[in-house]
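Okay, so here's the structure we're looking at.
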Amino acid sequence: MGFQANGIEVEVVQGDITDQSDMDAIVNAANAELRMGGGVAGAIHRAAGSELEEETRPLAPINPGEAVMTSAPNLPNRYIIHCLGPVFGVDEPASTLLASCYQRALELAEDAGLESVAFPAISTGAFGFPMEQAAEVASRTILARSGSLQSVRRLRWVLFSEEDRILHEEVFESVLNA
Ligand code: ADP
């Protein structure tokens, strides 16, 4: 499903973050050490291979709410933006830290002059952030930042399950089409 926010195209799709060949950058739901891990980080590092860990090692560790950018070895994208989301119930304030991930990712994409970025639902897996609340943070951050984006014109949220995709569509619709 597609939305608009201040002229930015915002898509919500079901799929795999490593399979977004038409996007300049994909976002990794990283761990502090910027290593393989499970979920999104596992899928990205498996696809990218050891070259990626060589690039991330000197950048680690990062703090919740922070993001760093690397190249995207063996992936169809130009860059990977690694975001560390909050562990729900541990890193507080959780919503502010999650919003910071999305903002920092958008800033890095702008600084690199990128046109398109695909995001997973950061923190909603192993880190336990409730899916609906995470979708609200994501869509509100888009709304707040979209007016100042210049190079970035397309954003995509890639949800693994149909249930998560439908929930994101509903929340994005109510926040972006309000
Ligand atoms: P975190 O540690 O930040 O919670 P996870 O990678 O554990 O990150 O999960 C984040 C979200 O990404 C979860 O909703 C999970 O279902 C989803 N997910 C897992 N693998 C993929 C993938 N390959 N592509 C897109 N989304 C994925």
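Overview of values
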| item | result |
| --- | --- |
| Length released on extending from Thr96 to Ala178, taking residue separation times 0.36 nm less the Cα-Cα span | 27.3 nm |
| Estimated 222 nm signal from helices in the chain, with DSSP H stretches of n ≥ 4 weighted -39500 (n - 2.57), rounded to 500 | -12000 deg cm²/dmol |
| Helix 94-111 axis, angle to the chain major axis (alpha carbon atoms, nearest 10°) | 80 |
| Candidates Glu107, Glu163, Glu11: whichever shows maximal mean-square fluctuation once the chain is modelled as a Gaussian network with Cα springs under 10 Å | Glu163 |
| Most mobile of Gly38, Gly147, Gly65 in a GNM of the chain (Cα contacts under 10 Å) | Gly147 |
| Theoretical FRET efficiency, 1/(1+(r/R0)^6), r = Cβ-Cβ of Ala32 and Met1, R0 35 Å, to 0.05 | 0.60 |
| Added length on full extension, which subtracts the Cα-Cα distance from 0.36 nm per residue, Glu9 to Ser148 | 48.6 nm |
| Crossing angle, helix 39-48 versus the chain [Cα axis fit, 0-90 degrees, rounded to tens] | 50 |
| Alpha carbon convex hull of region 2-176, volume per residue in cubic angstrom | 94 |
| Other-chain or far-sequence residues with amide H under 5 Å of Thr124's (modelled H) | Phe129 |
| Built amide H within the under 5 Å cut-off of Met69, gap 5+ | His82 |
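Taken together, the values in this text are just the output of simple stated rules run on the coordinates, not laboratory data. Computed from a predicted model, the values in this text were never measured in an experiment. Positions of Cβ are backbone-derived with ideal geometry, glycine not excepted, and every protein chain shown enters the neighbour counts.
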